Amino acid sequence: MGDNAARRQGQPTVRILGTHGIPAAYGGFETAAENIAVFLRDQGWRVIVYCQSDGDGPIVEDDWRGIERVTIPVGPDGWKGTSLFDLKSIGHASRFDDVCLTFGYNTAVFNVLQRLKGIPNVINMDGIEWSRARWGFMKQAILYVNERIACWVGNTLIADHPEIETYLAKKAKRSKLTTITYGAHRVDSAPVAPLTAHGLTPGEYLTLICRPIPENTILELVQAFSAERRGVTLAVFGTYTPETDPYHRAVVDAASDEVAFVGSVYDPDELAALRFHALGYLHGHTVGGTNPSLVEAMAAGNAVIAHDNPYNRWVAGDGALYFTTARDAAARIGELLQNPARRAALSSAASARHAEEFTWEHVAGQYETVLQTYLGGARVARV
């Protein structure tokens, strides 16, 4: 399959690295990799995606819906396993001249190999990942060093938000940088069964969907919602362990009886249905670039209440009400729930903003334009 020269002749080829693989089952990078791969396949590209599996054994190559997969098993869990997978997949990809599309810079030190061999590498730089306090000092330091390396070895650096591009411009040449956002498929209808499975009623709940960490302002949003009787439910998604995590305990203790902790939901169709039938979405993220959860809420036509920062302002535009404190958030929640006309206007604006900037066709098309600049068989300048 992978060595069929007749099939490859004249066909543009890209190798996608840095994710757990496809079909998407983990998070934003995997979802992006799948949607970009499908788009490029439909445009006539040969697409090879590197996939991570658990355990030991040989590399397995197969086909998934017309996309080639190179599945590499690794034994260790967590960062060690991911780092080993990245090392092995970069080593495998570096045996070929094909342009690479890499998601993330966590192990950019290994991407030096592609640079030394003159293999073009387009790197999605994610957010300012090293700045997240949840990693702790040592992992932050590792991420910071790898970010600097990625700025050096990457041929094109993708920022998912203009603010991220501005940040990267302090560390890399402007000519290397381009902004391409995250995407989401528009949701025009959805079944109600996923709601009833979680005890929710269409049009009678708000959603809060994010990783339960302080930088996502969950405590402030739960306090704001619980400040008075709302007559609706706040459905909080995510895995909360109040017995062992003090922040989780604080969130749970702040919640009124109108707050429902419904656990983690990973199935994209189920999540789409839960968003679609909601009155609105609360978004407390304070760091990072274009957040997938916010884009997906807009794709479902959700009216949004978002933390007021440049990241969220640029993404949601007129499709959101903004807050800075718990008191602000409480007022915005009241405004959203008590004013159906305002809620409808926000929903319409969110949908329009999504259609303008965040469809997968638009996003993947921009990736294709960047990748096309490295076609033609010539390697790029070496270090």
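Derivation of every value follows stated rules applied to the coordinates shown; laboratory data play no part. Every value quoted in this text rests on a predicted model; they were computed, and no experiment measured them. Cβ sites come from the backbone with ideal geometry, for glycine too, and all protein chains shown count toward neighbours.
Which percent of Cα pairs goes in each bin when the distances of the chain are cut into 20 angstrom slices starting at zero?
Pair shares across the bins are 27, 55, 17, 0.
Could you calculate the contour length gain from Phe96 to Asp318, that is, 0.36 nm times the residue separation minus the distance between their Cα atoms, to one decimal place in nm? Please report the intermediate quantities before stating the final value.
Working: separation 222, 0.36 × 222 = 79.92 nm, distance 4.61 nm.
Length gained between Phe96 and Asp318: 75.3 nm.
Modelled label-to-label distance, Glu228 and Ser131, 7 Å Cα→beta-carbon offset: nm?
Going by the 7 Å Cα→Cβ label model, 3.5 nm.
Under the 0.36 nm per residue contour assumption, what length would be gained going from the current alpha-carbon distance of Gln11 and Ala193 to full extension? Walk me through the numbers before you get to the answer.
Details: separation 182, 0.36 × 182 = 65.52 nm, distance 4.37 nm.
Stretched fully, the Gln11-Ala193 segment lengthens by 61.2 nm.
Could you list the trypsin sites (Lys or Arg not before Pro) in region 116-207 that lie in coil according to DSSP, counting only those with at most 16 other Cβ atoms within 10 Å of their Cβ?
Answer by residue number: Arg132, Lys170, Lys171, Lys173, Arg186.
Extending each Cα 7 Å along its Cβ direction at Arg174 and Gln140, get the distance between those two points in nm, one decimal.
A separation of 3.1 nm, rounded to one decimal place.
What is the Cα coordinate range of region 28-148 on the first, second and third principal axes, sorted by size from largest, in whole angstrom?
43, 30, 29
So what is the calculated 222 nm ellipticity per residue for the chain, using -39500 (n - 2.57) for each DSSP H run with n of 4 or more, over all residues, to the nearest 500 deg cm²/dmol? Show your work: numbers first, answer last.
Working: 15 runs with 156 residues, N = 383.
Mean residue ellipticity, 222 nm, calculated: -12000 deg cm²/dmol.
What residue among Trp45, Ala316, Ser175 has its Cα farthest toward the positive end of the dipole of the chain, where the charges are +1 on Lys, Arg and -1 on Asp, Glu, each on the Cβ?
Toward the positive end, the furthest listed residue is Ser175.
Pull up the DSSP beta bridges for the chain and report the antiparallel fraction as a percent, rounded to 5.
Roughly 10 percent of the beta bridges in the chain run antiparallel, per DSSP.
Any idea what angle helix 28-42 forms with the longest principal axis of the chain, computed on alpha-carbon atoms, 0 to 90 degrees, nearest 10?
60 degrees
Just give me a number: lysine pairs in the chain, eight or more positions apart or cross-chain, with C-alpha atoms less than 25 Å apart.
Within the chain, the lysine pair count is 9.
Only counting other Cβ atoms within 10 Å, I'd like His354, His277 sorted with the fewest neighbours first. Numbers along the way, then the final one.
Values: His354 27, His277 21.
Ranked by crowding around the Cβ, least crowded first: His277, His354.
If you place +1 on the Cβ of every Lys and Arg, -1 on the Cβ of every Asp and Glu, and leave all else neutral, what size is the dipole of the chain about its Cα centre, to the nearest 20 Debye? Could you put the intermediate results ahead of the total?
Values: 35 positive and 42 negative charges, 290 e Å.
My answer is approximately 1400 debye.
Answer rounded, prolate or oblate for region 221-310, using the Cα gyration tensor with square roots of eigenvalues a ≥ b ≥ c: rounded when a/c is under 1.5, else prolate when a/b is larger than b/c, else oblate.
On the way: a/c = 1.40, a/b = 1.34, b/c = 1.04.
Rounded, since a/c falls under 1.5.
Report, to two decimal places, the Cα Rg of region 193-358 normalised by 2.2 N^0.38 Å (N = number of residues).
Working: Rg = 14.4 Å, N = 166, 2.2 N^0.38 = 15.3 Å.
Normalised Rg, Cα atoms only: 0.94.
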